[in-house]
Every structure is written in structure tokens, then in C-alpha cells.
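Shown next, in C-alpha cells, is the structure this report addresses.
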Amino acid sequence: MNKNDEVEYCNLELRFDRQHIQDLIKDLIKEGYSLYWSENETVFLISVRTGRKLVKLRFQRIKDGFKLVGDYMIRDARLSEWMEKLIGDMRGHAVVKRFRDRQIIIENILFGEVIRLVEISGYQQRVLYQKGPLLSDQELTKLFYSVEGEERIRDRRLEVDEQLDLLHKAIQSKDDERTAACKARLAELTRELNMLEW
């Protein structure tokens with residue numbers, strides 16, 4: 001890969017459980033990477049060798065699992081593709097900077113989706129893509145670091161599971177009133193989830 005072709009991942013926010021991390025290790029080994037990992041009470045560290053460079057992925061321990069944090073400069077094309085697929089699959093947040101031929105392309109990714117694409121050449125900056133209304137940098141930062149939306153989605157999904165259990169019991173006991181109430185609540189939850197995840 002050309003030395004100028006490098007990708008920097010900043011402000012990463014991806015959440016994992018232990019099984020996800022074990023699957024990541026297996027995937028990286030399948031891709032042919034040499035790696036090792038270590039863990040202590042605060043962090044799980046995976047060190048991936050790319051040529052003569054070592055990329056250290058830091059997973060910070062949080063209440064309900066782990067969170068990939070930090071900034072990473074990656075010059076390996078396959079590892080960059082893997083990282084971008086991971087951000088999309090995990091519906092993560094990141095600022096991705098691509099350095100190529102005296103030009104920088106910056107992608108703002110929120111919930112796994114590019115919401116803003118900016119090209120910088122010399123002193124000139126141009127917005128190539130902006131999803132929805134233009135947001136100020138302050139609004140983007142606030143949205144990036146907000147976990148309220150994710151928490152609401154998680155809560156609603158748990159409630160969907162509970163309502164499905166209640167619906168199953170109501171159908172088995174042939175309680176038409178409870179069945180109708182569960183179906184109505186499930187319809188409300190579905191609408192709310194669609195709005196939150198859009």
C-alpha cells in the first residue's frame with residue numbers, strides 16, 4: 001500500500017460483549033493476521049501485527065460488556081476494510097479520515113451510517129454529502145456522545161420480548177382481551193423502534 005494511503009479512525013464508539021470479542025479474534029486469525037491479546041480489570045487489549053506495525057485495539061470494560069475506544073491509524077487496506085465493516089455491523093460511531101495524495105476525506109459515521117462527508121484539499125474544504133439538515137459541530141458532537149437513543153432502543157427491545165411472552169401466554173389461555181392489549185402495545189413499540197432506528 002502507498003505510504004500516503006492511510007486511514008485514521010477517531011472517536012470510535014463500538015460496544016461488544018465477550019463473545020463478540022472472541023469472534024473478532026477468530027475472524028482476524030482467519031484473515032491471516034498475527035495477533036495476541038491480554039486483559040485486566042479495566043481493559044481488553046488485542047494487538048494486531050500488520051507488516052512491521054502493531055495496531056493495539058483497546059476495549060474498555062463497561063457495565064454491560066466492552067467498548068472499543070481510542071484513535072487508530074491503519075495503513076493496511078484489509079484491516080481498514082475489516083474495521084469499516086465492523087463499524088457498520090455494530091452500528092457504531094466514528095470519524096474516519098482518509099489521507100490520499102495531499103487530500104483528506106472525512107466521514108462522520110453515526111449508528112453505522114455516514115451522515116457527513118467532507119473533502120479537504122490544501123486550504124479548501126467542501127461538503128460532499130450531508131444527511132438531513134445541516135448540523136453544527138456542537139450538535140454533531142452532542143449527538144455522537146449521546147447514549148440516550150441507544151438506551152431507549154435497548155429498553156424498547158426488552159419490552160418487545162416481554163410483550164411477546166405475555167402474548168404467547170394470552171393466546172394459550174385464550175384470553176382475547178389480553179391478546180388484543182398485547183398486540184396493540186407491540187404495534188406501538190414497533191412504530192417507536194422504527195423511528196429510533198431510522
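Confirm whether ARG15 is in a strand (DSSP E or B), of a type in the set (D, E, K, R) and farther than 15 Å from LEU86 by Cα.
No: the conditions fail for ARG15.
Kindly establish whether LYS26 is part of a strand (DSSP E or B), modelled with pLDDT of 90 or more and either of a type outside the set (S, T, N, Q) or not assigned by TED's automatic domain parsing to the domain that holds VAL127 (or both).
Working: part of a strand (DSSP E or B): no; modelled with pLDDT of 90 or more: yes; either of a type outside the set (S, T, N, Q) or not assigned by TED's automatic domain parsing to the domain that holds VAL127 (or both): yes.
Taking the combined requirement at face value, the residue does not satisfy it.
Looking only at residues of the stretch 68-83 that are surrounded by 18 or more Cβ atoms within 10 Å (Cβ to Cβ) and charged (D, E, K, R), we find that the one that is farthest from GLU8 (Cα to Cα) is ASP76. When restricted to residues that are at pLDDT 90 or above and either assigned to a strand (DSSP E or B) or among the small types (Gly, Ala, Ser) (or both), the stretch 33-53 contains 13.
Which of the residues spanning the stretch 4-56 are of a type in the set (Asp, Glu) and touching an Asp or Glu at 6+ places or on another chain (Cβ under 7 Å)? GLU8 - this is the single residue of the stretch 4-56 that is of a type in the set (Asp, Glu) and touching an Asp or Glu at 6+ places or on another chain (Cβ under 7 Å). Quick check: anything in the stretch 47-55 within 13 Å of the chain's Cα centre (by Cα) and surrounded by 12 or more Cβ atoms within 10 Å (Cβ to Cβ)? No, that holds for no residue. Note on the stretch 64-101: among residues that are touching a residue at least 24 places away in the same chain (Cβ under 8 Å) and assigned to a loop (DSSP other than H, G, I, E, B), the one that is nearest to HIS20 (Cα to Cα) is MET90.
Working carefully through the options SER47, SER38, find the one that is hydroxyl-bearing (Ser, Thr, Tyr), in the same structural domain as ASN108 (by TED's automatic domain parsing), in contact with a Leu (Cβ under 9 Å, 6 or more places away or on another chain) and free of Cβ contacts under 8 Å to residues at least 12 places away in the same chain.
Checking each option against the conditions leaves just SER38.
The values are calculated or read from the model by the stated rules, or taken from the named source; none is laboratory data. All figures in this text were calculated on a predicted structure; none of them were measured in a lab. Note that we place each Cβ from the backbone using ideal geometry, even for glycine, and neighbour counts take in every protein chain shown.
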